[in-house]
Amino acid sequence: MNIPTFSIFSAISEVFVTIGVLYAIITTLRGKPFPKVALGIVLAFELCVNVVYMAGRASQADKSAEISHGMKLFYAFHGTLSLLMFVTLAAVYLLSLWDESSGRQTWFARHRTGSYVMIFFWMVSVISGEVIFYLAHLA
């Protein structure tokens, strides 16, 4: 079994990114100060490492005859959801920075239900990615 190093790194780092995302959202929901620096670092890392990794993998997924049609659909679902969640979180992060600089509660604090919906879909995205890693390299 020869698992690419970048795949291992991405799978492990995604767990730490998720811890950072959950920490930032839940901390804010609990009424504590918005951890803008921590979430900014997490988002920058996610963009520079994991989004780049997924883009590279996506460019190869359709070319492989070894991957079943159903798995290609699952990969497409995961990739689309992951990108959507990243863009959504980045937009909400920027809105929260704007809110904070304007003296308002952050988006997360004002939209508790929306924040929990984001957490749910973020977790679906991460878990589906870890399942893909398992199926592609360990099963």
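Please treat every number below as a calculation from the coordinates, not as lab data. Everything numeric here is computed off the predicted structure, so don't read it as measured data. With ideal geometry, Cβ positions are generated from the backbone for all residues, glycine too; neighbour counts draw on all protein chains shown.
About the centre of its Cα atoms, the chain shows a dipole size close to 380 debye [charges on the beta carbon of Lys, Arg (+1) and Asp, Glu (-1) only; nearest 20 debye].
Going by alpha carbons, how many degrees (0 to 90, nearest 10) lie between the helix axis of 112-137 and the longest principal axis of the chain? For 112-137 against the chain, the angle is about 20 degrees.
Against the chain, whose longest principal axis comes from its Cα atoms, helix 52-61 is set at around 30 degrees. Stretching T113 away from F6 to a fully extended chain increases their span by 35.0 nm, per 0.36 nm per residue minus the current alpha-carbon distance. When every Cα-Cα distance of the chain is counted in 10 angstrom steps from zero, the calculated P(r) takes the values 11, 41, 28, 14, 5, 0 percent.
A simple spin-label model places the labels of W98 and V15 3.7 nm from each other, with each point 7 Å out along Cα-to-Cβ.
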